[in-house]
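The values are calculated or read from the model by the stated rules, or taken from the named source; none is laboratory data. The structure presented is a predicted model; accordingly, all values stated were derived computationally and were not measured. All Cβ positions, even for glycine, are placed from backbone atoms using ideal geometry, and neighbour counts span all protein chains on display. Calculation scope for accessible area: heavy atoms of the full protein, side chains included, ligands and nucleic acids excluded. Shrake-Rupley method; radii C 1.70, N 1.55, O 1.52, S 1.80 Å.
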Amino acid sequence: MKTNSAPTKTKRTAKRTPLYVLLIFIAVQLLPILAVVPTFNYFKNQGLDENTAQITTSGWLVVIAMAIGFVVTLFVIARDRKFFDIWKGKKSSFPAAVGWGLLGFLMLLVGQTLAAYIEMAIGIDPGSANTQNIVTIAEVVPLTVIAVVLFGPVLEELVFRRVVFGSLNQTTNFFIATAVSALVFALVHLEFMHLLLYFTTGLILAFLYQKTKRIITPIIAHVMLNGYVMLIQLNMEKIQDFLKQLENIQP
């Protein structure tokens, strides 16, 4: 009896790993709410005005929650060696997976640009409230950039591509799994006006995962996309000044 207990326990843990990853992600989104009031009061008592205290509170709670979620998720996954063994056929080589990740970043830029044009054509104003809020927070709490560029994309890819898309792909088919995972990915961002933009992003990331069968591929593309957006947004004034200087130079 003792000889068979270990393998049985391992299989049971493996089956529950996707659920654990999903629950950790949900906790990362919800648990910081419990610490909002004491954290805000702490920064307010440090002499910050109310608006700055609110922004600082949001920034630090995002950083801490995502950092903890990131570490705990990796620990849970490390205990399940077969967590990523969900594909039939041969996986792409690591260099090929990285290459597709770089190409995927370009695909995301093109896809989001097309989606944005379609949204504008039907009367939806460009620009993301989420992105602007994150930029405002990052200007006050710079560590937020790490959470947005690294922790967030990794956690989202593990949840939406491996857990949601990967699980559905095993029980349905690629098209259903891709559509559902992309839709869930879009809805979770809570910007329903830009549902098409997020949906397009989810489609491309699912394709990248399916193409290489390695989670590192959509992670690279997602990290680069978030990094690019943050780099542009945080330096928007400098970019605009540079463009104005170019206009003045032209005869």
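Figures for the structure shown
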| read-out | value |
| --- | --- |
| Matching residues, segment 214-237, being open to solvent by less than 50 Å² (accessible area, probe 1.4 Å) and either modelled with pLDDT of 95 or more or touching a helix residue (DSSP H, G or I) at 6+ places or on another chain (Cβ under 6 Å) (or both) | Ile215, Thr217, Pro218, Ile219, Ile220, Ala221, His222, Val223, Leu225, Asn226, Gly227, Met230 |
| Members of segment 12-45 that are modelled with pLDDT under 90 and over 25 Å from the mean Cα position of the chain (by Cα) | Arg12, Thr13 |
| Meets criteria (closer than 16 Å to Ile216 by Cα, in contact (Cβ under 8 Å) with a residue 24 or more places away in the chain and either assigned to a helix (DSSP H, G or I) or over 16 Å from the mean Cα position of the chain (by Cα) (or both)) for Glu119 | no |
| Selection count, segment 122-175, where residues are within 30 Å of Trp87 (Cβ to Cβ), more than 13 Å from the chain's Cα centre (by Cα) and small (Gly, Ala, Ser) | 2 |
| Residues being open to solvent by 30 Å² or more (accessible area, probe 1.4 Å) and in contact with a Ser or Thr (Cβ under 9 Å, 6 or more places away or on another chain) - total across segment 198-213 | 5 |
| Scope segment 32-69; condition open to solvent by less than 90 Å² (accessible area, probe 1.4 Å) and β-branched (Val, Ile, Thr); matching residues | Val36, Thr39, Thr52, Ile55, Thr56, Thr57, Val62, Val63, Ile64 |
